[in-house]
Amino acid sequence: MAIAPDPLAQIERWQADGRKTALATVVTTWGSSPRPVGSHLAVADTGDFTGSVSGGCIEGAVVAAAQEAIATGKSKLLDFGVTNEMAWEVGLACGGRIQVLVEPVTI
Amino acid sequence: MRSVLLHALRRDLADKRPCATVTDMASDRQALVSGNAVSGDDFLSADHLIEVRRRIATDRSGVIADTQIFVRVYTPPPRMVIVGAVHIAQALAPMAKIAGFEVTVIDPREAFVRSGQLADIDAIVAWPDEAMSQVAPDIRTAVVTLTHDPKLDDPALVSALRSPAFYIGALGSRKTHAKRLQRLTGDGLSEADLARIHGPVGLDIDALTPAEIAVSILAQVIATLRAEPA
């Protein structure tokens, strides 16, 4: 019974296919948040992704940031939540706040 | 993250070794801490390492206070050992599996073990004392006895109490549990030992059906697993 996708395994599969990848990880949460610290979202340069860092509220923004990280080769710490100026666009409906580390997977 | 670190991490996961990736978000340096071994970048102080190992032991990912250092802990799934392939086990085993536990059902009655929802759950068809020495409960293992039958439940509880299992629960009314404690005291177990047993098992949610009782047991197991360490 495979219940949760395994983002780390997916990254290795993508690498085997010659694709570039990034890993997003929930680093901090405040208040209510749908996914705990440590949750992973794996992203390929093509925009494919597996796993989750929220209930779907911010995945789009994280995937975009991950593609940017793949392009620049630089990690980035993203901040989402009610205190964020992007709240109205991609904020968390649950009212929580989370930080997500996006890191390119390099050779 | 560098590929070499990712591959090392995946090997630890495959071998079910508790470990952690440690990332200094200020400088992008990264290490993998696994048992006594540290690989990757060399930036962790002795104090950091103590903190990382404490976090691995208690399965607590997070940022180390007053630093930019993020620790992502990976631990093998917690285990649940269910003694008695009874009705409640039919509900509890699949629920616990969905919640992420590695589930083993112990019952010497083969027909019970192979029936219904238990068909695809790992089972040991043997008497509990023999089976329990085989599963060797550790600090990430919950043991739940459900048979109601002292000759099955009691030996399992005695083994569980001699192990570091984080949760031990025994099905039975207050009256049944009082009698059980009397018997086990006769077996030389101390009051402190016996206080580890959750009995009657499960959170008090007025559960009625086997599935509802399974929910109350699983909820209590999770609450115990996730409780802040004292």
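Rule-based calculations on the coordinates, nothing more; no lab input. Being a predicted model, the structure only gives us computed values, none of them experimental. A quick note on method: Cβ atoms are made from the backbone with ideal geometry, for glycine too, and the neighbour counts reach across all protein chains shown.
A Förster radius of 41 Å, combined with the Cβ-Cβ distance separating A:Arg13 from B:Leu208, puts the computed FRET efficiency at roughly 0.35. Between B:Ser39 and B:Ala26, the modelled label-to-label distance comes to 2.8 nm, taking each label 7 Å out from Cα in the direction of the beta carbon. Placing pseudo-labels 7 Å out from each Cα toward the beta carbon at B:Leu225 and A:Ala64 gives an inter-label distance of 3.6 nm. Pair-distance distribution of the protein assembly as shown: all C-alpha pairs, bin width 20 Å, starting at 0; shares per bin in whole percent are 28, 49, 23, 1. Site pair B:Ala46 and B:Val4 shows an inter-label distance of 2.7 nm when each label is modelled 7 Å from Cα along Cα→Cβ. Legend: mean number of C-beta atoms from other chains within 10 angstrom of residue C-beta atoms, peptide B:92-99, equals 1.
Averaged over peptide B:3-13, how many Cβ atoms belonging to another chain are found within 10 Å of each residue's Cβ?
Details: counts 7, 2, 2, 8, 3, 0, 1, 5, 0, 0, 3.
Counting Cβ atoms of other protein chains within 10 Å of each residue's Cβ and averaging gives 3.
Here the calculated FRET efficiency for B:Ile98 and B:Thr176, from their Cβ-Cβ distance with R0 = 41 Å, stands at 0.90, rounded to the nearest 0.05. Compute log10 of I(q)/I(0) for chain B with the Debye formula, placing one identical point scatterer on every Cα and leaving out solvent, at q = 0.13, 0.18 Å⁻¹, to two decimals. Here the Debye-derived log intensity ratios amount to -0.81, -1.19. Bridging of B:Lys151 to aspartates and glutamates at a Cα separation below 12 Å is possible for B:Asp107, B:Asp129, once same-chain residues fewer than 8 apart are set aside. Counting only DSSP beta bridges with both residues in the protein assembly as shown, the antiparallel share comes to about 65 percent.
Provide a whole-number value for the mean count of partner chain Cβ atoms within 10 Å of the Cβ atoms in peptide B:66-74. Working shown, then result.
On the way: counts 0, 0, 2, 0, 9, 3, 9, 2, 2.
Partner-chain Cβ atoms within 10 Å, mean over residues of B:66-74: 3.
About its Cα centre, what dipole magnitude does the stretch B:3-74 give when the only charges are +1 on Lys and Arg Cβ and -1 on Asp and Glu Cβ, stated in debye to the nearest 20?
Values: 10 positive and 10 negative charges, 79 e Å.
I would put it at about 380 debye.
For the stretch B:1-134, the alpha carbon positions stretch 59, 26, 23 Å along the principal axes, listed from largest to smallest. Normalised by 2.2 N^0.38 Å, with N the number of residues, the alpha-carbon radius of gyration of the stretch B:3-74 equals 0.99. Expressed in Å, the radius of gyration and Dmax of the Cα atoms of the stretch A:7-105 are 12.9, 40. For the stretch A:7-105, the Cβ-based charge dipole about the Cα centre amounts to some 180 debye (Lys, Arg positive; Asp, Glu negative; other atoms uncharged). If I fit a long axis through the Cα atoms of helix B:46-58 and take the longest principal axis of the Cα atoms of chain B, what angle between them do I get, 0 to 90°, rounded to 10? It is inclined by approximately 30 degrees.
When only the Cβ of Lys, Arg, Asp and Glu is charged (+1, +1, -1, -1), the dipole of chain B relative to its Cα centre reaches about 100 debye. Each of B:Gly35, B:Val144, B:Ile124 was scored by the projection of its Cα onto the charge dipole of chain B, and the greatest displacement toward the positive side belongs to B:Ile124; charges sit on the C-beta of Lys, Arg, Asp and Glu.
Using only Cα atoms and rounding to the nearest 10 degrees, what angle (0 to 90) does helix B:210-226 make with the longest principal axis of chain B? So the helix axis and the longest Cα principal axis differ by about 40 degrees. Taking amide H positions as modeled 1.01 Å from N, with prolines and chain starts lacking one, the residues under 5 Å from A:Val27 and 5 or more places away or on another chain are A:Gly38, A:Gln99, A:Val100, A:Leu101. Where does helix B:150-161 land angle-wise versus the long Cα axis of chain B, in degrees 0 to 90, nearest 10? Relative to chain B, helix B:150-161 is tipped by roughly 20 degrees.
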